[in-house]
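Right, one structure below, let's go through it.
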2 protein chains.
Amino acid sequence: MSKKLTERNKDYSKWYNELVVQADLAENSAVRGCMVIKPYGYAIWEKMQAKLDSMFKATGHQNAYFPLFVPKSLFEAEEKNAEGFAKECAVVTHYRLKTDPEDASKLIVDPEAKLEEELVVRPTSEAIIWNTYKGWVQSYRDLPILINQWANVVRWEMRTRLFLRTAEFLWQEGHTAHATKEEALDETELMNNIYAEFAEEFMAIPVIKGKKTESEKFAGAEETYCIEALMQDGKALQAGTSHFLGQNFAKAFDVKYTSQEGKLEHVWATSWGVSTRLMGALIMTHSDDKGLVLPPKLAPNQVVIVPIYKGEEQLEEISLVAKKLADELRAAGISVKYDDRDTHKPGWKFAQYELQGVPVRLAIGPKDLEKGTVELARRDTLTKEFVNQSEVVEKVSNLMGEIQDTLFEKALNFRNEHITKVDSFEDFKKVLKAKGGFISAHWDGTPETENKIKELTKATIRCIPFNAETEEGNCVLTGKPSAQRVLFAKAY
Amino acid sequence: MSKKLTERNKDYSKWYNELVVQADLAENSAVRGCMVIKPYGYAIWEKMQAKLDSMFKATGHQNAYFPLFVPKSLFEAEEKNAEGFAKECAVVTHYRLKTDPEDASKLIVDPEAKLEEELVVRPTSEAIIWNTYKGWVQSYRDLPILINQWANVVRWEMRTRLFLRTAEFLWQEGHTAHATKEEALDETELMNNIYAEFAEEFMAIPVIKGKKTESEKFAGAEETYCIEALMQDGKALQAGTSHFLGQNFAKAFDVKYTSQEGKLEHVWATSWGVSTRLMGALIMTHSDDKGLVLPPKLAPNQVVIVPIYKGEEQLEEISLVAKKLADELRAAGISVKYDDRDTHKPGWKFAQYELQGVPVRLAIGPKDLEKGTVELARRDTLTKEFVNQSEVVEKVSNLMGEIQDTLFEKALNFRNEHITKVDSFEDFKKVLKAKGGFISAHWDGTPETENKIKELTKATIRCIPFNAETEEGNCVLTGKPSAQRVLFAKAY
């Protein structure tokens with residue numbers, strides 16, 4: 001620790017970058033665009049993983065692992081997918097280094113160890129997986145295949161930011177194979193719903209479910225469903241996507257099955273993923289000028305206890321109480337850190353745990369010993385109160401749910417206040433500039449108009465919401481007829 | 001399913017390869033030397049991960065994530081480590097593909113997208129991690145750093161085998177930093193002990209703890225501790241290693257700390273890892289000619305229930321009993337699969353679950369309904385008995401521990417019967433040929449003799465065991481004096 005963070009309203013982007021580093025979540029590495037996820041950041045990611053993994057398994061999915069590399073000839077088999085990712089591929093061309101003949105302390109690529117076929121480091125795994133599924137599917141009895149993979153992927157992005165856009169990131173990618181179009185569409189929707197449920201109930205991030213336009217959908221997909229969240233600076237963030245891939249990959253890799261009626265058919269596919277980008281969404285949805293604010297369900301430590309003492313003897317007395325409380329809280333299923341380090345002062349610890357977003361802080365000093373109290377501070381509201389030691393467990397247990405709900409409500413209110421209906425392009429531009437957020441507007445359905453609006457305003461169509469009413473209207477740019485509003489925003 | 005497996009005593013290697021594929025554990029992929037870990041195999045790996053992860057955390061370690069790539073200049077910084085891995089590195093040289101001007105359906109590496117500095121796909125992460133630790137360590141207060149990473153790594157092996165030796169594999173790698181040599185040595189030993197405990201108590205694989213000779217130790221280590229297991233064909237398998245790295249990486253990356261006395265010192269290091277290779281050890285230790293045999297602690301399904309029925313009505317009656325039993329078993333903490341698929345016959349299912357090593361099979365037919373019994377079959381002993389339905393839960397609960405113990409005892413007896421003391425090189429060769437296993441022999445301590453024995457017999461020194469008595473003797477090859485026997489074996 002650590003200088004004060006830049007304030008959000010002064011420079012949101014700088015605030016974010018400082019927060020990620022100072023709260024010990026992640027940092028840049030020696031490899032361009034690749035991050036180091038530090039233990040505190042990784043502990044949050046592990047909680048996300050564990051919850052998502054259990055949701056996937058509860059819906060019948062199993063984990064597996066496929067190769068990191070995709071031979072170029074497989075990579076290029078599904079044309080649109082290949083085209084979409086070719087521009088940002090890390091490519092392995094050699095399999096050996098050797099001592100530099102001019103400087104024995106250096107290594108050079110051994111030109112004699114050139115691969116016959118280049119290997120692409122997976123930017124996504126449809127190609128390698130569908131090439132594998134070919135061997136797994138003969139009959140309708142072999143379907144569905146419901147597989148998920150936790151893995152690292154590489155996309156050679158030119159402009160990177162910690163968690164939000166990194167050359168290497170961690171994610172899960174589901175890849176399913178189905179006998180019918182309907183079943184694949186159901187799966188696509190199911191997984192988008194699971195992402196929404198996870199975002200809202202676990203991360204306390206309200207999201208809008210919808211589908212992407214032609215120009216925004218995944219390379220190789222027929223349809224991309226998504227969940228879109230809104231950050232505190234009024235920019236949207238795509239928090240998860242679920243793709244209906246039609247028979248594109250089955251055709252590219254010749255994956256067919258014999259149906260119950262004995263007909264040979266191509267298999268239907270979906271894929272779906274969320275990534276460490278969610279860490280960025282989490283940070284930007286809830287945090288404040290003092291640092292990270294974590295929903296209790298994701299906090300590695302839900303409670304921290306800090307003793308305030310002078311001298312060994314006082315510390316011992318306080319520790320008796322603190323450790324008893326910690327045990328009781330743990331028995332109630334709450335994770336607790338007791339920080340009795342003598343290398344740091346209580347004030348330093350207070351600031352540190354605020355910066356790191358620990359939901360509840362308990363402080364115990366000599367006066368608390370006399371009175372049988374503790375000082376309880378909530379990270380989300382920055383409020384404090386004294387609580388009887390005998391009531392701490394019940395109080396904190398209730399607070400876990402209350403803080404989780406409060407964070408969600410706050411984010412939901414903010415999001416709802418930042419969805420603005422506009423009916424003219426003047427208003428569109430005015431609202432976008434003054435307030436940001438989602439702009440709900442009519443659009444004539446053409447990629448040309450979508451592109452034009454993007455050129456003029458930098459706003460893109462985040463999604464065509466699923467739950468929107470049909471409403472006759474006119475495109476905000478061209479005036480052509482439209483039957484439904486879509487959501488525009490500037491986005492991460 | 002699936003033709004009969006080749007018998008172990010006919011062709012052990014073929015038996016292994018067939019078993020891995022037929023039991024749905026893993027298969028080869030389109031990428032040379034890289035495997036696909038299938039859901040059933042991955043489920044076993046996940047159980048290993050979960051247990052190891054909890055053991056690491058219980059000893060104060062935290063997870064983090066470091067980049068997949070290592071810039072060449074960092075890779076070469078620690079000379080011995082670089083030399084050890086340079087010959088088997090996948091190297092990324094370009095970051096973009098483009099359309100082949102001669103064939104628009106193909107992609108080629110874009111020569112304009114050549115990296116300024118090549119990136120090595122990590123074969124191990126000491127270099128990238130120690131380059132990071134440099135920024136984390138200033139004072140003794142920043143130590144120790146106790147970090148583990150779950151990751152994929154790539155070593156371009158020329159001869160690969162599923163799980164045992166693959167170009168890409170999954171592993172965990174611990175990387176710790178300490179203020180003193182003593183503390184680092186303690187950590188090295190602690191983690192080797194954790195691996196031994198995990199192997200014996202969880203995988204039911206007896207192991208010998210020891211240290212590697214100079215020529216067998218990790219490239220860049222001062223000392224490598226290891227656990228060595230013995231497979232059924234008499235070959236040894238290194239199941240885990242823990243390295244004391246001295247100050248080698250701290251010096252290569254200039255990582256220093258200010259001690260409590262105000263002196264600037266280099267940091268001391270360890271690293272330690274186990275990999276998906278453990279899957280190979282698991283398979284080869286316990287399995288038989290009918291397929292996989294799994295210790296209950298690692299079995300994705302500890303119990304399978306198969307109904308034997310004619311017609312819907314009978315199935316319904318049996319299912320009532322089966323589902324009740326399944327619920328009761330689950331309530332007792334036992335994982336159960338109830339396989340009532342009508343697409344496969346009971347005989348097929350029996351063979352399939354034998355092949356996949358499910359520890360306990362329960363079969364329920366019409367006669368069992370009358371008598372209130374089930375047929376219980378143990379996978380490890382291939383024995384069957386009838387059990388009253390009311391006694392199933394207690395019986396199976398007890399069996400879980402009993403099977404776990406039986407497998408360990410069996411493997412331990414086999415291992416102990418295959419440690420042979422020899423005192424002449426003639427006997428050495430004779431025993432190695434006739435019986436294999438570990439050969440306990442005196443060695444003069446020189447790499448020359450070690451190499452000579454390797455050349456002549458293909459046996460290497462697996463370890464210098466920690467628990468061995470000192471014993472005056474003469475080197476089995478040179479007759480020079482020796483103070484301790486070491487363990488030789490042919491090895492995977």
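The values are calculated or read from the model by the stated rules, or taken from the named source; none is laboratory data. Since the model is a prediction, treat every value here as computed from it, not as a measurement. Glycine also receives a Cβ, built like all others from the backbone with ideal geometry; neighbour counts cover every protein chain displayed.
Looking at A:Leu376, A:Leu382, just one residue is assigned to a strand (DSSP E or B) and under 30 Å from A:Tyr338 (Cβ atoms), and that residue is A:Leu376. The residues of the range B:71-100 that are within 7 Å of chain A (Cβ to nearest Cβ), assigned to a loop (DSSP other than H, G, I, E, B) and touching a helix residue (DSSP H, G or I) at 6+ places or on another chain (Cβ under 6 Å), listed by number, are B:Glu76, B:Tyr95, B:Arg96.
Among the residues of the range B:154-169, which ones are in a strand (DSSP E or B) and surrounded by fewer than 21 Cβ atoms within 10 Å (Cβ to Cβ)? Steps first, answer last, please.
Residues of the range B:154-169 that are in a strand (DSSP E or B), as a first pass: B:154, B:161, B:165, B:168-169.
The answer is B:Arg161, B:Arg165.
Yes or no, residue by residue, for (1) assigned by TED's automatic domain parsing to the domain that holds A:Ala281; (2) surrounded by fewer than 20 Cβ atoms within 10 Å (Cβ to Cβ); (3) assigned to a strand (DSSP E or B):
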{"site": "A:Leu320", "(1), (2), (3)": "no, yes, no"}
{"site": "A:Gln352", "(1), (2), (3)": "no, no, no"}
{"site": "A:Arg361", "(1), (2), (3)": "no, no, yes"}
{"site": "A:Glu370", "(1), (2), (3)": "no, yes, no"}
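Filtered by the rule that a residue be over 19 Å from the mean Cα position of the chain (by Cα) and more than 13 Å from A:Leu355 (Cα to Cα), the range A:13-23 gives a lone residue, A:Lys14.
Residues in the range A:387-405 that are surrounded by 20 or more Cβ atoms within 10 Å (Cβ to Cβ) and either within 26 Å of A:Phe198 (Cα to Cα) or not assigned by TED's automatic domain parsing to the domain that holds A:Ala322 (or both): A:Val396, A:Leu399, A:Met400, A:Ile403, A:Gln404.
Of everything in the range A:50-70, what is in contact with a strand residue (DSSP E or B) (Cβ under 7 Å, 6 or more places away or on another chain) and either on the phi > 0 side of the Ramachandran plot or within 11 Å of another protein chain (Cβ to nearest Cβ) (or both)? Give them in sequence order. Residues satisfying the conditions are A:Gly60, A:His61, A:Gln62, A:Asn63, A:Ala64, A:Tyr65, A:Phe66, A:Pro67, A:Leu68, A:Phe69, A:Val70. Does the range B:249-269 include one or more residues that are in the same structural domain as B:Gln149 (by TED's automatic domain parsing) and under 21 Å from the mean Cα position of the chain (by Cα)? No, every residue in the range B:249-269 fails to be in the same structural domain as B:Gln149 (by TED's automatic domain parsing) and under 21 Å from the mean Cα position of the chain (by Cα). Out of B:Pro111, B:Pro144, which single residue is under 22 Å from B:Glu222 (Cα atoms) and more than 9 Å from chain A (Cβ to nearest Cβ)? Every option except B:Pro144 fails the conditions. For the range A:137-147, taking the residues that are in contact (Cβ under 8 Å) with a residue 24 or more places away in the chain and closer than 20 Å to B:Val21 by Cα, the one that is surrounded by the most Cβ atoms within 10 Å (Cβ to Cβ) is identified as A:Ile147.
Can you work out which of the residues in the range B:114-132 that are touching a helix residue (DSSP H, G or I) at 6+ places or on another chain (Cβ under 8 Å) and assigned to a helix (DSSP H, G or I) is farthest from the other protein chains (Cβ to nearest Cβ)?
Our first condition is that a residue be touching a helix residue (DSSP H, G or I) at 6+ places or on another chain (Cβ under 8 Å); within the range B:114-132, this holds for B:117-120, B:122-124, B:126-128, B:130-131.
With assigned to a helix (DSSP H, G or I) added as a condition, the list becomes B:126-128, B:130-131.
Details: B:Glu126: 13, B:Ala127: 9, B:Ile128: 7, B:Trp130: 11, B:Asn131: 5 Å.
Step by step, filter the range B:114-132, then rank; the result is B:Glu126.
Filter the range A:98-135 for residues that are in contact with a Phe, Trp or Tyr (Cβ under 8 Å, 6 or more places away or on another chain) and among the hydrophobic types (A, V, I, L, M, F, W, C) and give the result. Those that are in contact with a Phe, Trp or Tyr (Cβ under 8 Å, 6 or more places away or on another chain) and among the hydrophobic types (A, V, I, L, M, F, W, C): A:Leu107, A:Ala113, A:Leu115, A:Leu119, A:Val120, A:Val121, A:Ala127, A:Ile128, A:Ile129, A:Trp130.
Test B:Phe218 against the stated conditions and say whether it is surrounded by 18 or more Cβ atoms within 10 Å (Cβ to Cβ), closer than 28 Å to A:Trp150 by Cα and not polar (S, T, N, Q). Please lay out each step first, then the result.
Details: surrounded by 18 or more Cβ atoms within 10 Å (Cβ to Cβ): yes; closer than 28 Å to A:Trp150 by Cα: no; not polar (S, T, N, Q): yes.
No; evaluated as a whole, the condition is false for this residue.
Any residue at all in the range B:170-191 that is away from chain A (no Cβ under 14 Å), part of a loop (DSSP other than H, G, I, E, B) and closer than 14 Å to B:Ala281 by Cβ? Scanning the range B:170-191 turns up no residue that is away from chain A (no Cβ under 14 Å), part of a loop (DSSP other than H, G, I, E, B) and closer than 14 Å to B:Ala281 by Cβ. Kindly establish whether A:Lys4 is surrounded by fewer than 17 Cβ atoms within 10 Å (Cβ to Cβ), modelled with pLDDT under 95, out of contact with any Gly (no Cβ under 8 Å at 6 or more places or on another chain) and over 22 Å from A:Arg277 (Cα atoms). Criteria met by A:Lys4.
Quick one: in the range B:25-42, which of the residues that are surrounded by fewer than 21 Cβ atoms within 10 Å (Cβ to Cβ) and either more than 21 Å from A:Phe75 (Cα to Cα) or at pLDDT 95 or above (or both) is farthest from the other protein chains (Cβ to nearest Cβ)? It would help to see each step written out before you state the result.
So in the range B:25-42, the residues surrounded by fewer than 21 Cβ atoms within 10 Å (Cβ to Cβ) come out as B:27-28, B:30, B:32, B:39-40.
Remaining after also requiring either more than 21 Å from A:Phe75 (Cα to Cα) or at pLDDT 95 or above (or both): B:27-28, B:30, B:39-40.
Working: B:Glu27: 8, B:Asn28: 10, B:Ala30: 5, B:Pro39: 4, B:Tyr40: 8 Å.
It comes out as B:Asn28.
Taking the numbered list (1) at positive phi; (2) within 13 Å of another protein chain (Cβ to nearest Cβ) in turn, A:Gly220 passes all entries but (2).
Just wondering, is there one or more residues in the range A:285-296 that are among the charged types (D, E, K, R) and under 16 Å from A:Asn192 (Cβ atoms)?
Pass one, the range A:285-296, residues among the charged types (D, E, K, R): A:288-290.
Pick out the ones that are also under 16 Å from A:Asn192 (Cβ atoms) and you get none.
Scanning the range A:285-296, I find no residue that is among the charged types (D, E, K, R) and under 16 Å from A:Asn192 (Cβ atoms), so the answer is no.
Scan the range A:335-350 residue by residue and report those that are at pLDDT 95 or above and either farther than 14 Å from A:Pro307 by Cα or surrounded by 13 or more Cβ atoms within 10 Å (Cβ to Cβ) (or both). Answer for the range A:335-350, where residues must be at pLDDT 95 or above and either farther than 14 Å from A:Pro307 by Cα or surrounded by 13 or more Cβ atoms within 10 Å (Cβ to Cβ) (or both): A:Ser335, A:Val336, A:Lys337, A:Tyr338, A:Asp339, A:Asp340, A:Pro346, A:Trp348, A:Lys349, A:Phe350. If you check B:Thr99, B:Thr132 for being of a type in the set (S, T, N, Q), farther than 30 Å from B:Met231 by Cα and crowded, with 19+ Cβ neighbours inside 10 Å, only one passes: B:Thr132.
Among residues that are under 27 Å from the mean Cα position of the chain (by Cα) and small (Gly, Ala, Ser), B:Ala483 is not included. Taken as a whole, the condition of being in a strand (DSSP E or B) and surrounded by 17 or more Cβ atoms within 10 Å (Cβ to Cβ) applies to B:Ala441.
Of B:Glu223, B:Glu200, which residue is among the acidic types (Asp, Glu), surrounded by fewer than 21 Cβ atoms within 10 Å (Cβ to Cβ) and touching a Ser or Thr at 6+ places or on another chain (Cβ under 9 Å)?
Unique residue meeting the criteria: B:Glu223.
Only residues that are assigned to a strand (DSSP E or B), of a type outside the set (D, E, K, R) and in contact with a strand residue (DSSP E or B) (Cβ under 6 Å, 6 or more places away or on another chain) were counted across the range A:231-256, and they come to 10. Looking at (1) under 27 Å from A:Asn148 (Cβ atoms); (2) surrounded by fewer than 23 Cβ atoms within 10 Å (Cβ to Cβ); (3) assigned by TED's automatic domain parsing to the domain that holds A:Ala221, find the lone condition where A:Gln22 falls short. Only one criterion in (1) under 27 Å from A:Asn148 (Cβ atoms); (2) surrounded by fewer than 23 Cβ atoms within 10 Å (Cβ to Cβ); (3) assigned by TED's automatic domain parsing to the domain that holds A:Ala221 is unmet by A:Gln22, namely (1).
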